[in-house]
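Beneath this line is the structure, given in C-alpha coordinates, with notes to follow.
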Amino acid sequence: MPELPEVETIRRQLAPALERRRIETVRVLDPRWSEPAPPEVIEDALRGRAIEHVGRRGKYLIASLEDDVHLVMHLRMTGNLLISADAEDPPHLRVAIELDDGRRLLFVDVRRFGTGDVLLGGDALTDYFESRLGVEPLSADFTAEALRALARGRMQPVKAFLLNQERIAGVGNIYADEALWRAKIHPLRPVGTLKPAQIQALRDGVVESLELGIDSKGASIDDYRHVDGERGSFQDRFAAYSRAGEPCFRCGAPIEKLRAAGRGTYVCPNCQRRPRVRRAAARS
Ligand SMILES: [Zn+2]
(Lines give C-alpha, C1' and ligand atoms only; values in the text may rest on other atoms or scores of the structure.)
Protein backbone atom coordinates (compact mmCIF):
# COMPACT_ATOMS: atom_id res chain seq x y z
CA MET A 1 0.00 0.00 0.00
CA PRO A 2 1.41 3.42 -0.84
CA GLU A 3 2.47 5.38 2.23
CA LEU A 4 3.22 9.08 2.64
CA PRO A 5 6.40 9.16 0.48
CA GLU A 6 4.74 7.30 -2.40
CA VAL A 7 1.69 9.58 -2.29
CA GLU A 8 3.90 12.67 -2.04
CA THR A 9 5.88 11.46 -5.08
CA ILE A 10 2.64 11.08 -7.03
CA ARG A 11 1.50 14.54 -5.90
CA ARG A 12 4.73 16.14 -7.11
CA GLN A 13 4.32 14.49 -10.51
CA LEU A 14 0.62 15.29 -10.83
CA ALA A 15 0.83 18.94 -9.78
CA PRO A 16 2.52 20.33 -12.91
CA ALA A 17 0.26 18.26 -15.18
CA LEU A 18 -2.99 19.25 -13.45
CA GLU A 19 -2.62 22.72 -12.01
CA ARG A 20 -4.29 25.43 -14.13
CA ARG A 21 -5.92 22.77 -16.33
CA ARG A 22 -9.70 22.72 -16.68
CA ILE A 23 -11.72 19.53 -16.30
CA GLU A 24 -13.84 18.90 -19.39
CA THR A 25 -15.56 15.62 -18.57
CA VAL A 26 -15.55 13.10 -15.75
CA ARG A 27 -16.59 9.46 -15.95
CA VAL A 28 -16.89 7.50 -12.71
CA LEU A 29 -17.09 3.97 -14.10
CA ASP A 30 -17.23 2.22 -10.71
CA PRO A 31 -19.89 3.57 -8.29
CA ARG A 32 -18.04 1.97 -5.37
CA TRP A 33 -15.25 4.55 -5.83
CA SER A 34 -17.41 7.48 -4.68
CA GLU A 35 -19.85 5.71 -2.31
CA PRO A 36 -22.09 6.92 -0.77
CA ALA A 37 -22.19 9.75 -3.37
CA PRO A 38 -23.56 8.57 -6.72
CA PRO A 39 -21.20 8.99 -9.72
CA GLU A 40 -23.38 11.74 -11.28
CA VAL A 41 -22.94 13.97 -8.22
CA ILE A 42 -19.15 13.66 -8.43
CA GLU A 43 -19.15 14.19 -12.18
CA ASP A 44 -21.36 17.31 -11.95
CA ALA A 45 -19.29 18.84 -9.15
CA LEU A 46 -16.00 18.51 -11.07
CA ARG A 47 -17.03 19.17 -14.67
CA GLY A 48 -15.97 22.52 -16.11
CA ARG A 49 -13.89 23.58 -13.13
CA ALA A 50 -10.22 24.53 -13.21
CA ILE A 51 -7.77 22.72 -10.92
CA GLU A 52 -6.00 25.28 -8.75
CA HIS A 53 -3.81 23.14 -6.53
CA VAL A 54 -2.80 19.52 -5.94
CA GLY A 55 -2.10 18.84 -2.27
CA ARG A 56 -1.63 15.95 0.12
CA ARG A 57 -2.63 15.16 3.68
CA GLY A 58 -1.34 11.85 5.12
CA LYS A 59 -1.94 9.29 2.37
CA TYR A 60 -4.73 11.36 0.75
CA LEU A 61 -4.34 13.38 -2.45
CA ILE A 62 -6.40 16.57 -2.74
CA ALA A 63 -7.23 18.28 -6.02
CA SER A 64 -8.55 21.72 -5.07
CA LEU A 65 -10.72 23.24 -7.78
CA GLU A 66 -12.10 26.72 -8.28
CA ASP A 67 -15.18 27.69 -6.21
CA ASP A 68 -13.68 25.88 -3.18
CA VAL A 69 -14.51 22.40 -4.51
CA HIS A 70 -12.12 19.65 -3.38
CA LEU A 71 -11.63 16.15 -4.76
CA VAL A 72 -10.04 13.93 -2.11
CA MET A 73 -8.63 10.59 -3.30
CA HIS A 74 -7.13 7.62 -1.50
CA LEU A 75 -5.27 4.91 -3.42
CA ARG A 76 -5.62 2.23 -0.69
CA MET A 77 -4.13 -1.13 -1.73
CA THR A 78 -3.65 -1.03 -5.48
CA GLY A 79 -4.85 2.36 -6.75
CA ASN A 80 -2.72 4.20 -9.31
CA LEU A 81 -3.14 7.63 -10.89
CA LEU A 82 -1.89 8.02 -14.42
CA ILE A 83 -1.70 10.95 -16.82
CA SER A 84 -2.46 9.59 -20.24
CA ALA A 85 -2.46 11.04 -23.76
CA ASP A 86 -3.92 7.77 -24.99
CA ALA A 87 -7.63 7.68 -25.86
CA GLU A 88 -7.87 3.99 -25.10
CA ASP A 89 -8.99 2.91 -21.62
CA PRO A 90 -6.48 0.75 -19.71
CA PRO A 91 -7.65 -2.36 -17.79
CA HIS A 92 -9.08 -1.81 -14.28
CA LEU A 93 -9.97 1.82 -15.06
CA ARG A 94 -12.37 3.20 -12.43
CA VAL A 95 -12.39 6.94 -13.12
CA ALA A 96 -11.39 9.01 -16.16
CA ILE A 97 -11.03 12.79 -15.94
CA GLU A 98 -10.56 14.54 -19.25
CA LEU A 99 -8.51 17.75 -19.19
CA ASP A 100 -8.60 20.74 -21.53
CA ASP A 101 -5.19 19.86 -22.99
CA GLY A 102 -6.54 16.56 -24.34
CA ARG A 103 -4.83 14.44 -21.73
CA ARG A 104 -6.65 12.38 -19.12
CA LEU A 105 -6.16 11.69 -15.42
CA LEU A 106 -6.94 7.99 -14.90
CA PHE A 107 -7.64 6.23 -11.61
CA VAL A 108 -6.70 2.58 -12.20
CA ASP A 109 -7.23 0.06 -9.43
CA VAL A 110 -7.12 -3.76 -9.61
CA ARG A 111 -8.61 -4.47 -6.20
CA ARG A 112 -11.03 -1.50 -6.14
CA PHE A 113 -10.43 -0.31 -2.58
CA GLY A 114 -9.44 3.23 -3.64
CA THR A 115 -11.89 6.06 -3.00
CA GLY A 116 -12.87 9.53 -4.16
CA ASP A 117 -14.87 12.13 -2.24
CA VAL A 118 -15.95 15.61 -3.27
CA LEU A 119 -16.06 18.22 -0.50
CA LEU A 120 -17.68 21.59 -0.92
CA GLY A 121 -15.87 24.34 0.98
CA GLY A 122 -12.76 24.60 3.10
CA ASP A 123 -14.63 23.81 6.33
CA ALA A 124 -15.90 20.51 4.93
CA LEU A 125 -12.33 19.65 3.93
CA THR A 126 -10.99 20.49 7.39
CA ASP A 127 -13.73 18.44 9.08
CA TYR A 128 -13.06 15.49 6.79
CA PHE A 129 -9.43 15.25 7.87
CA GLU A 130 -9.97 16.20 11.49
CA SER A 131 -12.03 13.06 12.04
CA ARG A 132 -9.55 10.84 10.20
CA LEU A 133 -5.97 12.03 10.57
CA GLY A 134 -3.54 13.05 13.27
CA VAL A 135 -0.41 15.20 13.00
CA GLU A 136 1.31 15.55 9.62
CA PRO A 137 4.78 14.10 10.27
CA LEU A 138 6.69 16.36 7.87
CA SER A 139 5.09 19.52 9.27
CA ALA A 140 6.58 21.78 11.94
CA ASP A 141 3.90 20.45 14.33
CA PHE A 142 5.56 17.05 14.56
CA THR A 143 8.03 17.72 17.37
CA ALA A 144 9.36 15.37 20.06
CA GLU A 145 7.12 17.26 22.49
CA ALA A 146 4.05 16.61 20.33
CA LEU A 147 4.98 12.94 20.02
CA ARG A 148 5.47 12.63 23.76
CA ALA A 149 2.03 14.14 24.37
CA LEU A 150 0.47 11.60 21.98
CA ALA A 151 2.33 8.69 23.60
CA ARG A 152 1.80 9.65 27.23
CA GLY A 153 0.03 7.00 29.29
CA ARG A 154 -0.52 4.63 26.36
CA MET A 155 0.51 1.00 26.71
CA GLN A 156 -0.11 0.26 23.03
CA PRO A 157 2.94 -1.27 21.26
CA VAL A 158 4.84 1.46 19.46
CA LYS A 159 4.43 -0.09 16.01
CA ALA A 160 0.63 -0.23 16.31
CA PHE A 161 0.77 3.35 17.58
CA LEU A 162 2.73 4.48 14.50
CA LEU A 163 0.29 2.77 12.12
CA ASN A 164 -2.73 4.55 13.63
CA GLN A 165 -3.52 7.33 11.14
CA GLU A 166 -5.50 9.23 13.77
CA ARG A 167 -2.28 9.89 15.71
CA ILE A 168 0.35 10.34 12.98
CA ALA A 169 -0.80 10.61 9.36
CA GLY A 170 0.82 8.72 6.52
CA VAL A 171 3.09 6.17 8.21
CA GLY A 172 2.44 2.57 7.13
CA ASN A 173 4.15 -0.78 7.54
CA ILE A 174 7.38 -0.06 5.68
CA TYR A 175 8.18 3.35 7.13
CA ALA A 176 7.20 2.27 10.66
CA ASP A 177 9.80 -0.52 10.52
CA GLU A 178 12.43 1.79 9.05
CA ALA A 179 11.76 4.47 11.68
CA LEU A 180 11.92 1.99 14.58
CA TRP A 181 15.19 0.51 13.29
CA ARG A 182 16.69 4.01 13.09
CA ALA A 183 15.48 4.81 16.60
CA LYS A 184 16.67 1.39 17.95
CA ILE A 185 13.25 0.72 19.44
CA HIS A 186 11.53 -2.66 19.48
CA PRO A 187 8.10 -2.55 17.77
CA LEU A 188 6.38 -4.25 20.73
CA ARG A 189 7.62 -1.73 23.27
CA PRO A 190 4.65 0.02 24.94
CA VAL A 191 4.78 3.55 23.53
CA GLY A 192 4.08 5.22 26.88
CA THR A 193 7.25 3.70 28.38
CA LEU A 194 9.66 5.36 25.93
CA LYS A 195 12.27 7.59 27.54
CA PRO A 196 12.57 11.24 26.35
CA ALA A 197 15.71 10.41 24.33
CA GLN A 198 13.85 7.56 22.62
CA ILE A 199 10.89 9.80 21.83
CA GLN A 200 13.30 12.22 20.17
CA ALA A 201 14.98 9.35 18.28
CA LEU A 202 11.60 8.03 17.15
CA ARG A 203 10.48 11.45 15.96
CA ASP A 204 13.75 11.82 14.03
CA GLY A 205 13.52 8.24 12.70
CA VAL A 206 10.04 8.84 11.31
CA VAL A 207 11.03 12.11 9.65
CA GLU A 208 14.30 10.75 8.22
CA SER A 209 12.78 7.59 6.78
CA LEU A 210 9.91 9.51 5.19
CA GLU A 211 12.31 12.07 3.71
CA LEU A 212 14.60 9.34 2.41
CA GLY A 213 11.55 7.66 0.89
CA ILE A 214 10.50 10.86 -0.89
CA ASP A 215 14.09 11.40 -2.00
CA SER A 216 14.01 7.90 -3.59
CA LYS A 217 10.62 8.64 -5.19
CA GLY A 218 9.01 6.04 -2.95
CA ALA A 219 9.34 2.29 -2.72
CA SER A 220 8.05 0.11 -5.55
CA ILE A 221 6.81 -3.11 -4.11
CA ASP A 222 3.43 -4.56 -4.99
CA ASP A 223 1.62 -2.31 -7.44
CA TYR A 224 2.91 1.16 -6.78
CA ARG A 225 3.98 3.02 -9.89
CA HIS A 226 4.70 6.65 -10.62
CA VAL A 227 2.34 8.72 -12.68
CA ASP A 228 4.53 8.01 -15.71
CA GLY A 229 4.60 4.26 -14.97
CA GLU A 230 8.14 4.31 -13.56
CA ARG A 231 9.10 2.71 -10.26
CA GLY A 232 10.60 4.26 -7.12
CA SER A 233 13.90 3.06 -5.64
CA PHE A 234 13.47 3.20 -1.85
CA GLN A 235 13.21 -0.63 -1.79
CA ASP A 236 16.97 -0.63 -2.55
CA ARG A 237 17.61 1.45 0.58
CA PHE A 238 15.57 -0.45 3.17
CA ALA A 239 17.52 -0.93 6.40
CA ALA A 240 15.07 -3.35 8.05
CA TYR A 241 11.90 -3.90 6.02
CA SER A 242 11.94 -7.15 3.98
CA ARG A 243 15.58 -7.89 4.95
CA ALA A 244 15.02 -11.04 7.08
CA GLY A 245 18.29 -12.97 7.45
CA GLU A 246 20.40 -10.16 6.01
CA PRO A 247 22.94 -8.37 8.22
CA CYS A 248 21.96 -5.23 10.15
CA PHE A 249 23.84 -2.26 8.65
CA ARG A 250 24.76 -1.11 12.17
CA CYS A 251 25.85 -4.27 13.99
CA GLY A 252 25.85 -7.16 11.50
CA ALA A 253 23.28 -9.28 13.36
CA PRO A 254 20.75 -10.94 11.03
CA ILE A 255 17.47 -9.03 10.70
CA GLU A 256 14.53 -11.01 12.06
CA LYS A 257 10.92 -11.11 10.99
CA LEU A 258 8.17 -11.14 13.58
CA ARG A 259 4.55 -10.11 13.84
CA ALA A 260 3.50 -6.80 15.37
CA ALA A 261 0.21 -4.96 14.97
CA GLY A 262 -0.87 -7.93 12.82
CA ARG A 263 1.77 -7.12 10.21
CA GLY A 264 5.02 -8.72 9.10
CA THR A 265 7.62 -6.68 10.97
CA TYR A 266 11.40 -6.54 10.62
CA VAL A 267 13.82 -5.84 13.46
CA CYS A 268 17.46 -6.11 14.40
CA PRO A 269 17.29 -8.30 17.54
CA ASN A 270 20.53 -6.73 18.76
CA CYS A 271 19.85 -3.02 18.17
CA GLN A 272 16.13 -3.21 18.98
CA ARG A 273 15.86 -5.06 22.28
CA ARG A 274 12.60 -6.83 23.02
CA PRO A 275 10.86 -5.23 26.01
CA ARG A 276 11.06 -7.21 29.24
CA VAL A 277 7.79 -8.17 30.88
CA ARG A 278 7.51 -5.85 33.87
CA ARG A 279 7.09 -7.44 37.29
CA ALA A 280 3.91 -5.56 38.09
CA ALA A 281 2.32 -6.66 34.85
CA ALA A 282 3.50 -10.24 35.34
CA ARG A 283 1.91 -10.44 38.82
CA SER A 284 -1.52 -9.27 37.79
ZN1 LIG B 1 21.70 -4.10 14.60
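The values are calculated or read from the model by the stated rules, or taken from the named source; none is laboratory data. Because the structure is a prediction, the values reported are computed rather than measured. Ideal geometry is used to build each Cβ from the backbone, glycine not excepted, and the neighbour counts take in all protein chains shown.
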State yes or no: is R276 away from the ligand (no atom under 16 Å from the Cβ), among the basic types (K, R) and out of contact with any Phe, Trp or Tyr (no Cβ under 6 Å at 6 or more places or on another chain)?
yes
For the stretch 255-273, how many residues meet the condition of being more than 13 Å from the ligand (Cβ to nearest atom) and β-branched (V, I, T)?
1
Filter result for the condition that a residue is within 16 Å of the ligand (Cβ to nearest atom) and either modelled with pLDDT of 95 or more or farther than 30 Å from V108 by Cβ (or both), over E246, E208:
E246
Considering each residue of the stretch 263-284, count those that are closer than 16 Å to P157 by Cβ, assigned to a loop (DSSP other than H, G, I, E, B), in contact with a helix residue (DSSP H, G or I) (Cβ under 9 Å, 6 or more places away or on another chain) and at pLDDT 95 or above, and give that number.
1
So is R203 of a type outside the set (A, V, I, L, M, F, W, C) and over 15 Å from P5 (Cβ atoms) or not?
yes
Mind checking which helices (runs of 4 or more DSSP H) fall wholly inside the stretch 74-163 and carry at least 2 residues that are in contact with a Pro (Cβ under 7 Å, 6 or more places away or on another chain) and either surrounded by 12 or more Cβ atoms within 10 Å (Cβ to Cβ) or among the acidic types (D, E) (or both)?
158-163
Counting only residues that are farther than 13 Å from A260 by Cβ, within 16 Å of the ligand (Cβ to nearest atom) and buried (at least 19 other Cβ atoms within 10 Å of the Cβ), how many does the stretch 182-197 have?
2
Answer yes or no: is there a residue in the stretch 170-178 that is hydrophobic (A, V, I, L, M, F, W, C), surrounded by fewer than 22 Cβ atoms within 10 Å (Cβ to Cβ) and either at negative phi or outside any strand (DSSP E or B) (or both).
no
For the stretch 52-64, enumerate the residues that are more than 20 Å from L162 (Cα to Cα) and either buried (at least 21 other Cβ atoms within 10 Å of the Cβ) or of a type in the set (K, R) (or both).
L61, A63
Could you pull out the residue among D117, D127, D101, D141 that is farther than 24 Å from R12 by Cβ and at pLDDT 95 or above?
D127
Check whether at least one residue in the stretch 153-175 is out of contact with any Leu (no Cβ under 6 Å at 6 or more places or on another chain), among the basic types (K, R) and within 24 Å of Y266 (Cα to Cα), and report yes or no.
yes
Could you please tell me which pairs satisfy a Cβ distance under 9 Å, a separation of 6+ or placement on different chains, a first residue in the stretch 183-200 that is without any contact (Cβ under 8 Å) to a residue 24 or more places away in the chain and more than 9 Å from R148 (Cα to Cα), and a second residue that is buried (at least 21 other Cβ atoms within 10 Å of the Cβ) and aromatic (F, W, Y)?
none
